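What follows is a short report on a single structure.
Since every read-out is calculated from the coordinates, none of them should be taken as a lab result. Note that the structure is predicted; figures quoted are calculated from it, not measured. Cβ: placed from backbone, ideal geometry, glycine included. Neighbour counts: every protein chain shown.
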């Protein structure tokens, strides 16, 4: 799969229309919140467009009226550079809905619109590791130590396993027809995405106890989830702490802008 080309899905719908971040920014969607004078979604699209492994981009959300108010974004859709789809009622359902519209054997990468530090090299590195893994589904992760080493004070939800504390990077690769089972199962647990213990609970009581005692390894958790869903799921460790930085709050927005300012 060394030359595999991916369709990228960007999840850009809003979980909460009364989001304080949206109100503060004065926009109709979180995806349109500006980071250093550019909407987050445009930064993500630009990174994907310059990836060596992404051939198509599908945008799930924002809602049509909001899309039409975003001149640059609407232009990309009109020119066919990005395909837009009406989102479903949740991110997981939106992802599953788009997957159902694609050929079963089409490799897919999923990311989110609130990922303004995403870069082409991060994408290509993740997809190269995903292809080399031999798995059906791959999730990009990094360690909380790496994040705090580069970005002191960053606040992240941490999955604390016995080998380290890991944070998700909102980068997922779906590499086989079997992978669609994971997208479907994702819909049942997404409301608890910020609750690591709830997610581990899906693996059984023994896993909960081992996780609570700090005895469960991340790879073991992935293997047990793979067995439960009858699909091979693997995490891949990325050497990019910035891949785990997303924007959920006004404080996050300011934090990311300070990172970009420091990089100049």
Using only Cα atoms, find the angle between the long axis of helix 91-101 and the longest principal axis of the chain, and express it within 0 to 90 degrees, rounded to the nearest 10.
80 degrees
Rounded to the nearest 0.05, what FRET efficiency do residue 64 and residue 219 give with R0 = 41 Å and r taken as the Cβ-Cβ distance? Could you check?
0.45
What angle, in degrees between 0 and 90 and rounded to the nearest 10, separates the Cα long axis of helix 120-133 from the longest principal axis of the Cα atoms of the chain?
30 degrees
Kirkwood-Stokes translational diffusion coefficient of the chain, alpha-carbon pairs, 37 °C, 0.692 mPa s, µm²/s
174 µm²/s
Can you tell me the length gained on complete extension of the stretch residue 81 to residue 3, counting 0.36 nm per residue apart and subtracting the Cα distance?
25.9 nm
Using a Förster distance of 25 angstrom, determine the FRET efficiency expected from the C-beta separation of residue 72 and residue 181, and round it to 0.05.
0.10
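How would you rank 109-120, 127-138, highest first, on the average number of other Cβ atoms within 10 Å across their residues?
Sorting 109-120, 127-138 by mean packing, highest first, produces 109-120, 127-138.
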Taking Cα atoms only, helix 250-263 is inclined relative to the longest principal axis of the chain by an angle, in degrees rounded to 10, of 80 degrees
Rough spin-label spacing in nm, given labels placed 7 Å along Cα→Cβ, for residue 157 and residue 106
2.8 nm
